[in-house]
């Protein structure tokens, strides 16, 4: 089982995976408990981006990995540790597609007499036998189609089990620029709803004094 050190007493004790989960999800994060730095390799984490189990890690390393937050492109497996990185990723895809408009592969021969191909769009060289050049052009041409509708997903990369990624925020990106989506009662105001009707003021008629 994972072990932690309690601040103040610095007593080492074993905790359950549920306690680790609560610790990671708490607002204090790793400030309440500190992992025991003894190098014991006994935790394996689920990588929500690669959808696969990672290597066995020491307790202290796994603890900090559980707190790792990344920004992921919803259309592919691209991730970055920096906010705004998905926008740059989309800009790069658009630039690559423009650069490779009408590009083709030209065969060449290296000094050892082995054939390879050269991309006329970017000048990259690829081995002929593995069809790397064809895959290169195909991926660049298909990427804009795949990235038509994209969200920047703020999520925790690692978890204790493959129950699903912990998504903290989703931000739509339209035409390479982020947009904030407002939901709830205030949404109609943002979208420009028609103003409400003004309340009419009703004057009370004063009663005429009775004639004596």
With R₀ set to 35 angstrom, the calculated FRET efficiency between the beta-carbons of residue 91 and residue 125, to the nearest 0.05, is 0.90
With a/c under 1.5 counting as rounded, go ahead and sort the range 50-151 into rounded, prolate or oblate using the C-alpha gyration tensor (a ≥ b ≥ c being the square roots of the eigenvalues; past the cut-off, prolate if a/b is larger than b/c, else oblate). oblate
Each label sits 7 Å from Cα toward the beta-carbon; between residue 149 and residue 110 the label points are separated, in nm, by 4.4 nm
Using the count of nearby Cβ atoms within 10 Å as a rough guide to exposure, how do 118, 86 rank from fewest to most? 118, 86
Between residue 103 and residue 134, what is 0.36 nm times their sequence separation minus the Cα-Cα distance? Round to one decimal in nm. 10.1 nm
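Coordinate-derived values only; no laboratory data. These figures come from a predicted structure and were not determined experimentally. Heads up, the Cβs are rebuilt from the backbone with ideal geometry, glycines too, and the neighbour counts pull from every protein chain shown.
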